[in-house]
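S.K.: Take this structure first; my questions come after.
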């Protein structure tokens with residue numbers, strides 16, 4: 001205030017501008033003070049230089065304002081489980097920091113996402129048992145019943161639990177030099193919970209100078225936007241405005257392990273709350289037993305012209321002659337129907353593979369040996385499909401053909417079009433191909449004929465399954 005000669009008009013103008021800004025970003029109340037750090041005005045005592053101000057001094061306000069820890073203690077009990085502590089058969093406790101609320105022995109608690117309930121028998125710390133624990137304390141909670149609970153689960157008060165869902169609206173703050181890729185799988189870390197997540201095209205991004213909502217296809221470095229996200233399994237959460245511990249998250253790139261974004265969950269999408277798994281009596285084991293085989297997804301990947309479709313077709317013919325139940329999904333064929341609405345941008349290619357992965361999973365659940373032939377150029381999407389099926393059932397077959405060999409074949413004339421600029425986003429020319437790091441099967445087509453490759457793959461497949 002000393003720089004503006006303690007002018008009330010300047011103060012009132014700044015307060016008015018800030019009030020408009022606060023309303024736009026959801027700040028409901030604030031306490032403006034005319035102070036001078038240099039001369040000490042209104043820091044500890046009211047200043048004679050601002051006779052028009054009768055509010056609290058800065059110190060008085062700081063001594064009376066309710067801090068977050070006190071607010072958190074008044075909320076329902078929540079504790080993300082960081083570690084299951086079982087040093088011997090006589091002791092089993094769940095360790096973590098209490099995010100909100102209070103807890104005492106005898107309290108009824110619920111474990112989420114399972115929903116199982118029990119009561120607290122002990123609250124253990126290094127210094128001894130507690131009669132009560134509050135938000136901010138790190139404790140080990142022992143339960144009266146032997147119920148399932150593991151790292152990533154959340155202990156909550158039994159009659160007022162947080163929500164569980166797998167689809168959300170969220171605000172994202174993008175922190176990576178590489179722009180957000182719509183549909184790509186990232187790791188979402190919320191407390192001790194770690195799940196795979198895909199991000200949809202932003203609803204809008206925010207102009208931080210004007211707070212205007214702008215149309216956006218993606219988010220670039222330092223941009224803030226709102227988008228819908230979907231996790232591969234349900235997580236325990238609360239809106240960030242209610243609970244920062246269960247509402248704030250980060251996104252991690254699956255390949256580099258770099259943190260690419262920070263986010264805040266708003267709410268669960270209604271469709272996620274209304275859609276539930278239907279229990280079925282006949283499952284994948286019964287389907288496979290009926291066919292007398294173990295399901296598998298043979299995922300052929302490689303450059304265009306590498307020979308994927310040719311070898312995959314031979315593999316299916318050989319398996320068919322052996323009375324194996326199979327189905328072949330080919331990249332070009334799928335784009336005539338299921339994926340006819342998709343182009344060849346990076347996000348469309350990701351969605352193409354996601355859909356094929358879901359279909360492959362359903363066919364494997366039906367007990368089939370699924371043979372797929374897709375360029376599938378990105379490791380992240382191949383790993384996404386691998387995660388969809390039980391461990392050991394995804395068999396990555398890398399048809400390893402050098403670019404110059406595949407281009408020399410050019411059976412469909414695609415490389416020629418790409419080189420001339422007629423065909424954009426073509427793998428190997430102006431779009432990258434990320435070769436598998438450790439495929440289950442690698443085929444060098446410069447050393448093997450298609451027939452030899454098919455025989456090798458069938459022998460390996462039947463040996464593995």
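S.K.: Go over the candidates 396, 381 one by one and state the one that is surrounded by 17 or more Cβ atoms within 10 Å (Cβ to Cβ), closer than 18 Å to residue 196 by Cβ, at pLDDT below 90 and in contact with a helix residue (DSSP H, G or I) (Cβ under 8 Å, 6 or more places away or on another chain). Write out each step before concluding.
M.R.: Working: 396 fails: at pLDDT below 90.
Exactly one of 396, 381 is surrounded by 17 or more Cβ atoms within 10 Å (Cβ to Cβ), closer than 18 Å to residue 196 by Cβ, at pLDDT below 90 and in contact with a helix residue (DSSP H, G or I) (Cβ under 8 Å, 6 or more places away or on another chain), namely 381.
S.K.: Is it true that residue 171 is touching a strand residue (DSSP E or B) at 6+ places or on another chain (Cβ under 7 Å), over 30 Å from residue 95 (Cβ atoms), in contact (Cβ under 8 Å) with a residue 12 or more places away in the chain and buried (at least 20 other Cβ atoms within 10 Å of the Cβ)? Don't jump to the end; show me each part of the working.
M.R.: Values: touching a strand residue (DSSP E or B) at 6+ places or on another chain (Cβ under 7 Å): yes; over 30 Å from residue 95 (Cβ atoms): yes; in contact (Cβ under 8 Å) with a residue 12 or more places away in the chain: yes; buried (at least 20 other Cβ atoms within 10 Å of the Cβ): no.
Criteria not met by residue 171.
S.K.: Under 15 Å from residue 302 (Cα atoms), crowded, with 16+ Cβ neighbours inside 10 Å and touching a helix residue (DSSP H, G or I) at 6+ places or on another chain (Cβ under 7 Å): does that describe residue 371?
M.R.: Details: under 15 Å from residue 302 (Cα atoms): yes; crowded, with 16+ Cβ neighbours inside 10 Å: yes; touching a helix residue (DSSP H, G or I) at 6+ places or on another chain (Cβ under 7 Å): yes.
The answer is yes for residue 371.
S.K.: A follow-up question, please. Can you tell me which residue among 155, 188 is modelled with pLDDT of 95 or more, within 15 Å of residue 234 (Cα to Cα) and in contact with a strand residue (DSSP E or B) (Cβ under 6 Å, 6 or more places away or on another chain)? Walk me through it before giving the result.
M.R.: Details: 155 fails: within 15 Å of residue 234 (Cα to Cα).
Of the residues listed, the single one that is modelled with pLDDT of 95 or more, within 15 Å of residue 234 (Cα to Cα) and in contact with a strand residue (DSSP E or B) (Cβ under 6 Å, 6 or more places away or on another chain) is 188.
S.K.: Still on this structure: Which members of segment 52-81 meet the condition of being touching a strand residue (DSSP E or B) at 6+ places or on another chain (Cβ under 7 Å) and under 19 Å from residue 163 (Cα atoms)?
M.R.: Narrowing segment 52-81 to residues touching a strand residue (DSSP E or B) at 6+ places or on another chain (Cβ under 7 Å): 72-73, 75-81.
Matches in segment 52-81: 72, 75, 76, 77, 78, 79, 80, 81.
S.K.: So which pairs qualify, if the first residue must be in segment 99-115 and at positive phi and modelled with pLDDT under 95, the second must be in a loop (DSSP other than H, G, I, E, B) and surrounded by fewer than 23 Cβ atoms within 10 Å (Cβ to Cβ), the Cβ gap must be under 7 Å, and the two must be at least 6 apart or on different chains?
M.R.: Here the result reads 101/75; 101/76, each pair linking segment 99-115 to a residue that is in a loop (DSSP other than H, G, I, E, B) and surrounded by fewer than 23 Cβ atoms within 10 Å (Cβ to Cβ).
S.K.: Please return the ranges of strands (runs of 3 or more DSSP E) entirely within segment 184-235 where 2 or more residues are over 11 Å from the mean Cα position of the chain (by Cα) and buried (at least 17 other Cβ atoms within 10 Å of the Cβ). Give the steps one after another, and end with the answer.
M.R.: Working: elements: 185-190, 193-199, 204-206.
Fully inside segment 184-235 and qualifying: 204-206.
S.K.: Looking for whichever is surrounded by 13 or more Cβ atoms within 10 Å (Cβ to Cβ) and either under 27 Å from the mean Cα position of the chain (by Cα) or modelled with pLDDT of 95 or more (or both) here; the options are 150, 121. Which one fits?
M.R.: Details: 150 fails: surrounded by 13 or more Cβ atoms within 10 Å (Cβ to Cβ).
Just one listed residue meets the conditions, 121.
S.K.: Continuing with this model, one more query. Could you tell me which numbered condition residue 391 fails, if it satisfies all but one of (1) surrounded by 20 or more Cβ atoms within 10 Å (Cβ to Cβ); (2) at pLDDT 90 or above?
M.R.: Unmet condition: (1).
S.K.: Looking at 205, 233 in this structure, which one is touching a strand residue (DSSP E or B) at 6+ places or on another chain (Cβ under 6 Å) and closer than 21 Å to residue 345 by Cβ?
M.R.: On the way: 233 fails: closer than 21 Å to residue 345 by Cβ.
Result: 205 is the single residue among 205, 233 that is touching a strand residue (DSSP E or B) at 6+ places or on another chain (Cβ under 6 Å) and closer than 21 Å to residue 345 by Cβ.
S.K.: Can you tell which of 143, 155 is on the phi < 0 side of the Ramachandran plot and without any contact (Cβ under 8 Å) to a residue 60 or more places away in the chain? Reasoning before the result, please.
M.R.: On the way: 155 fails: without any contact (Cβ under 8 Å) to a residue 60 or more places away in the chain.
Testing whether each residue is on the phi < 0 side of the Ramachandran plot and without any contact (Cβ under 8 Å) to a residue 60 or more places away in the chain leaves just 143.
S.K.: Same structure again: Conditions: (1) under 21 Å from residue 450 (Cβ atoms); (2) modelled with pLDDT under 95. Residue 317 meets all but one. Number of the miss?
M.R.: So residue 317 meets the others, but not (2).
S.K.: Let me ask something else about it. I'd like to check something: does segment 82-89 contain any residue that is within 46 Å of the chain's Cα centre (by Cα) and buried (at least 17 other Cβ atoms within 10 Å of the Cβ)?
M.R.: From segment 82-89, those within 46 Å of the chain's Cα centre (by Cα) are 82-89; that's our starting set.
Still in the list and also buried (at least 17 other Cβ atoms within 10 Å of the Cβ): none.
Scanning segment 82-89, I find no residue that is within 46 Å of the chain's Cα centre (by Cα) and buried (at least 17 other Cβ atoms within 10 Å of the Cβ), so the answer is no.
S.K.: A follow-up question, please. Can you pull out every residue in segment 125-135 that is touching a strand residue (DSSP E or B) at 6+ places or on another chain (Cβ under 7 Å) and either more than 26 Å from residue 244 (Cβ to Cβ) or loosely packed, with under 14 Cβ neighbours inside 10 Å (or both)? Break it down into steps so the answer makes sense when it comes.
M.R.: Pass one, segment 125-135, residues touching a strand residue (DSSP E or B) at 6+ places or on another chain (Cβ under 7 Å): 125, 129-130, 132-135.
Listed by number, the residues that qualify are 125, 129, 132.
S.K.: Looking at the structure I just gave you, is residue 6 surrounded by 13 or more Cβ atoms within 10 Å (Cβ to Cβ), over 28 Å from residue 241 (Cα atoms) and touching a strand residue (DSSP E or B) at 6+ places or on another chain (Cβ under 9 Å)? Lay out the reasoning, then the answer.
M.R.: Details: surrounded by 13 or more Cβ atoms within 10 Å (Cβ to Cβ): yes; over 28 Å from residue 241 (Cα atoms): yes; touching a strand residue (DSSP E or B) at 6+ places or on another chain (Cβ under 9 Å): yes.
So residue 6 passes the test.
S.K.: I'm trying to understand the selection: among the residues of segment 323-337, which are assigned to a loop (DSSP other than H, G, I, E, B) and within 24 Å of residue 390 (Cα to Cα)? Don't jump to the end; show me each part of the working.
M.R.: Initially, segment 323-337 is screened for residues assigned to a loop (DSSP other than H, G, I, E, B), giving 323-325, 335-337.
Answer for segment 323-337, where residues must be assigned to a loop (DSSP other than H, G, I, E, B) and within 24 Å of residue 390 (Cα to Cα): 323, 324, 325.
S.K.: When the residues of segment 273-310 are filtered to those that are over 35 Å from the mean Cα position of the chain (by Cα) and either in a helix (DSSP H, G or I) or modelled with pLDDT under 90 (or both), which remaining residue is nearest to residue 440 (Cα to Cα)? Please lay out each step first, then the result.
M.R.: Initial filter on segment 273-310 (over 35 Å from the mean Cα position of the chain (by Cα)): 290-292, 310.
Narrowing further to those that are either in a helix (DSSP H, G or I) or modelled with pLDDT under 90 (or both): 290-291, 310.
Details: 290: 27, 291: 24, 310: 19 Å.
Applying the filter and picking the extreme gives 310.
S.K.: Related question: Consider residue 386 carefully, then state whether it is touching a strand residue (DSSP E or B) at 6+ places or on another chain (Cβ under 8 Å) and either surrounded by fewer than 22 Cβ atoms within 10 Å (Cβ to Cβ) or outside the structural domain of residue 460 (by TED's automatic domain parsing) (or both). Before the answer, list the steps.
M.R.: On the way: touching a strand residue (DSSP E or B) at 6+ places or on another chain (Cβ under 8 Å): yes; either surrounded by fewer than 22 Cβ atoms within 10 Å (Cβ to Cβ) or outside the structural domain of residue 460 (by TED's automatic domain parsing) (or both): yes.
Answer is yes for this residue.
S.K.: Something else about it: List pairs: first residue in segment 275-302 and within 20 Å of residue 327 (Cα to Cα), second residue surrounded by 11 or more Cβ atoms within 10 Å (Cβ to Cβ) and modelled with pLDDT under 90 anywhere in the structure, Cβ distance under 7 angstrom, at least six positions apart or on different chains.
M.R.: Correct list of pairs: 294/465; 295/284; 296/465.
The values are calculated or read from the model by the stated rules, or taken from the named source; none is laboratory data. Values in this document were obtained by computation on a predicted structure and should not be read as measured data. Using ideal geometry, Cβ is built from the backbone for each residue, glycine included, and neighbour counts are taken over all protein chains shown.
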